[in-house]
Protein chains: 2
Amino acid sequence: MLKVAHRTLELLEYICTSPQKEFSVTELSQRLGLNKTKVYRMLRVLAERDYLRHDEKTGRYHLGLKPLELGTQVAAKTGLLEVVSPYMEKLSREIKETINLAVMRSNKIVYIHKIESPHFLRTDLRVGTSVPVYCSALGKAMLAWLPEQEQEKILGALEMVAYTPHTITCLEDLKLELKRIRDKGYAVDNEEYISGITCIAAPILDGHKKPVAAISAAGPSLRLNGEKITQSGELIARYAAEISFRYGYSK
Amino acid sequence: MLKVAHRTLELLEYICTSPQKEFSVTELSQRLGLNKTKVYRMLRVLAERDYLRHDEKTGRYHLGLKPLELGTQVAAKTGLLEVVSPYMEKLSREIKETINLAVMRSNKIVYIHKIESPHFLRTDLRVGTSVPVYCSALGKAMLAWLPEQEQEKILGALEMVAYTPHTITCLEDLKLELKRIRDKGYAVDNEEYISGITCIAAPILDGHKKPVAAISAAGPSLRLNGEKITQSGELIARYAAEISFRYGYSK
DNA sequence: AATTGCGTTTCTATATTTGAAACAAGGAGG
DNA sequence: CCTCCTTGTTTCAAATATAGAAACGCAATT
């Protein structure tokens with residue numbers, strides 16, 4: 001079952017995900033509840049391969065460039081960004097709001113690419129950050145198209161915190177919402193995570209009809225409302241479907 | 001010494017780096033000379049964490065999106081791209097050739113970002129690909145500023161193949177060239193890897209004066225020659241120094 | 001000088017990994 | 001339809017790497 005490998009990757013993911021930039025052995029061992037010696041040895045492995053760097057002066061570890069390098073290679077090989085970027089740029093010109101690309105990671109979504117809105121007033125969810133699935137259009141879009149079994153698994157484990165007065169906090173409501181999303185073809189986040197911000201998203205599906213990612217437009221509810229939501233939603237859904245077609249079969 | 005962790009990461013890196021897109025257990029075990037059972041189990045670990053995906057139909061493994069996600073997070077956290085991109089864009093406008101950002105990985109350099117030249121005629125080294133250090137301006141720029149000990153280690157292990165008539169194939173010549181590069185402040189690849197392509201690069205140094213990456217301009221020797229090389233080189237070196245200053249101390 | 005806190009090393013019982021071999025499942029060919 | 005390959009996957013005993021408390025060395029602090 002390769003425990004060490006698992007835990008080493010877990011440690012790497014923890015360090016990459018955490019907002020913190022530098023870590024000491026003791027700190028990490030406490031925070032992850034692991035033996036100090038073990039953490040020390042895993043850090044050495046990661047540092048040896050340049051996933052992390054070891055500052056000899058302070059003894060602390062910070063990020064190396066290997067993950068970025070691998071990410072770049074994966075992006076190049078899967079062609080995800082290559083295929084999606086042109087559509088995102090089209091959406092940017094047509095909708096004139098911030099356009100995002102995100103993937104799902106357990107019960108969160110993680111932004112992996114974005115094109116800034118030309119407007120002065122814009123959302124500031126940076127690439128790399130994550131948001132709970134149930135209160136983001138991107139998350140709901142992917143949830144809605146997930147095979148029932150996997151959907152249930154995620155829904156069952158959700159802790160539904162209210163970030164704003166509009167956040168959906170009842171599981172039944174969420175299930176109804178997911179059904180509506182499938183019917184419409186796109187998801188809308190109506191100020192469910194940040195007050196004043198509306199977001200519209202549609203999923204990118206692979207060859208097995210499973211969502212691999214989602215694209216969205218996000219902006220102030222002052223601009224994104226009424227008819228604009230419907231228009232943008234249909235546009236995003238159409239492009240997402242085209243991307244799905246190209247991505248799902250090109251592999 | 002955490003062998004399993006090491007080998008699992010090695011396997012991941014192999015899969016990300018290889019031009020191939022799909023792999024079977026047997027194939028990988030043969031290619032890496034490892035026991036089939038072991039490879040099988042490592043692949044399971046990587047697939048479980050979404051570094052890879054397992055196609056249940058064919059039994060083969062292909063890339064997942066976790067590496068891309070981690071890469072994005074590292075890019076966001078280190079701020080490397082955030083700091084470097086604006087300079088790359090300036091260089092693009094001023095030099096009007098393809099601008100690259102690369103890191104060093106053992107005896108190769110790996111492209112991690114690029115801005116295409118506005119010209120029709122342009123180089124086509126895609127992001128994610130790698131080139132031997134000794135015949136690339138980016139590689140030579142980083143080599144030149146590496147601490148002597150590390151430099152020796154890499155130079156000692158080089159196999160110097162001639163890709164073009166201009167490729168440096170003698171170690172002594174390369175050492176002299178590295179000295180010249182340090183004196184000038186920038187490196188030039190004079191058709192040493194691809195005939196007809198010239199490349200000019202300077203290193204980005206961290207707080208310990210060690211190169212973490214390098215930026216370059218690349219284009220047809222027809223346009224990049226004579227005075228243009230000197231001008232571009234000085235510009236690139238100046239910007240690289242500014243980036244070093246900002247990156248080296250912001251950490 | 002003593003103490004605290006850190007990264008690192010040591011050491012042995014223990015649990016995990018190892019890998020040949022067996023198994024199951026599918027496809028190719030006769 | 002059956003056989004023979006070739007897959008991916010599981011089993012199991014032996015070999016080996018890991019775990020983790022404890023000790024160590026070294027700073028910085030008191």
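Values as computed for the structure displayed
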item: Of all residues making up the range A:209-250, the number that are open to solvent by less than 60 Å² (accessible area, probe 1.4 Å), outside any helix (DSSP H, G or I) and touching a residue at least 40 places away in the same chain (Cβ under 8 Å); result: 11
item: Filtered residues of the range A:61-75 (kept if surrounded by 20 or more Cβ atoms within 10 Å (Cβ to Cβ), more than 30 Å from A:Ser232 (Cβ to Cβ) and within 10 Å of chain B (Cβ to nearest Cβ)); result: A:Leu63, A:Gly64, A:Leu65, A:Lys66, A:Pro67, A:Leu68, A:Glu69, A:Leu70, A:Thr72, A:Gln73
item: Residue in the range A:141-156 that is in contact with a Leu (Cβ under 6 Å, 6 or more places away or on another chain) and farther than 20 Å from B:Lys66 by Cα present; result: yes
item: Filtered residue count, the range A:179-208, keeping only those that are crowded, with 24+ Cβ neighbours inside 10 Å and basic (Lys, Arg); result: 0
item: Residue satisfying all of: in the range A:34-47; within 30 Å of the chain's Cα centre (by Cα) and away from chain B (no Cβ under 11 Å); nearest to DNA strand D (Cβ to nearest atom) among these; result: A:Leu34
item: Test: residue in the range A:13-25 that is crowded, with 17+ Cβ neighbours inside 10 Å, at pLDDT 95 or above and over 22 Å from the mean Cα position of the chain (by Cα); result: yes
item: Filter result (of a type outside the set (Val, Ile, Thr), open to solvent by 70 Å² or more (accessible area, probe 1.4 Å) and more than 15 Å from B:Ile197 (Cβ to Cβ)) within the range B:158-174; result: B:Glu159, B:Glu172, B:Asp173
item: Subset of the range A:142-157 [outside any loop (DSSP other than H, G, I, E, B) and open to solvent by 10 Å² or more (accessible area, probe 1.4 Å)]; result: A:Trp145, A:Glu148, A:Gln149, A:Glu150, A:Gln151, A:Glu152, A:Lys153, A:Ile154, A:Gly156
item: Index of the failed condition, B:Met142 passing every other in (1) within 14 Å of chain A (Cβ to nearest Cβ); (2) over 21 Å from B:Leu235 (Cα atoms); result: (2)
item: Exclusive hit being modelled with pLDDT under 95 and open to solvent by less than 20 Å² (accessible area, probe 1.4 Å), set A:Gly139, A:Gly128; result: A:Gly128
item: Answer from B:Tyr87, B:Tyr61 - the residue that is touching a helix residue (DSSP H, G or I) at 6+ places or on another chain (Cβ under 7 Å) and farther than 19 Å from B:Ser216 by Cα; result: B:Tyr61
item: Candidates A:Glu150, A:Glu192, A:Glu177, A:Glu172, filtered to the one that is within 30 Å of B:His54 (Cβ to Cβ) and in the same structural domain as A:Tyr87 (by TED's automatic domain parsing); result: A:Glu150
item: Helices (runs of 4 or more DSSP H) wholly inside the range A:13-128 containing at least 2 residues that are within 16 Å of DNA strand C (Cβ to nearest atom); result: A:25-32, A:36-48
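Table: residues versus (1) away from DNA strand D (no atom under 15 Å from the Cβ); (2) open to solvent by 10 Å² or more (accessible area, probe 1.4 Å); (3) in the same structural domain as B:Gly233 (by TED's automatic domain parsing).
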{"residue": "B:Leu32", "(1), (2), (3)": "no, yes, no"}
{"residue": "B:Arg49", "(1), (2), (3)": "yes, yes, no"}
{"residue": "B:Gly59", "(1), (2), (3)": "no, yes, no"}
{"residue": "B:Pro86", "(1), (2), (3)": "yes, yes, yes"}
{"residue": "B:Leu91", "(1), (2), (3)": "yes, no, yes"}
{"residue": "B:Met104", "(1), (2), (3)": "yes, yes, yes"}
{"residue": "B:Ile109", "(1), (2), (3)": "yes, no, yes"}
{"residue": "B:Ile115", "(1), (2), (3)": "yes, yes, yes"}
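The values are calculated or read from the model by the stated rules, or taken from the named source; none is laboratory data. The shown structure was predicted, so the numbers you read here are calculated from the model rather than taken from an experiment. Ideal geometry is used to build each Cβ from the backbone, glycine not excepted, and the neighbour counts take in all protein chains shown. SASA here: full protein model, heavy atoms, side chains in, ligands and nucleic acids out. Shrake-Rupley method; radii C 1.70, N 1.55, O 1.52, S 1.80 Å.
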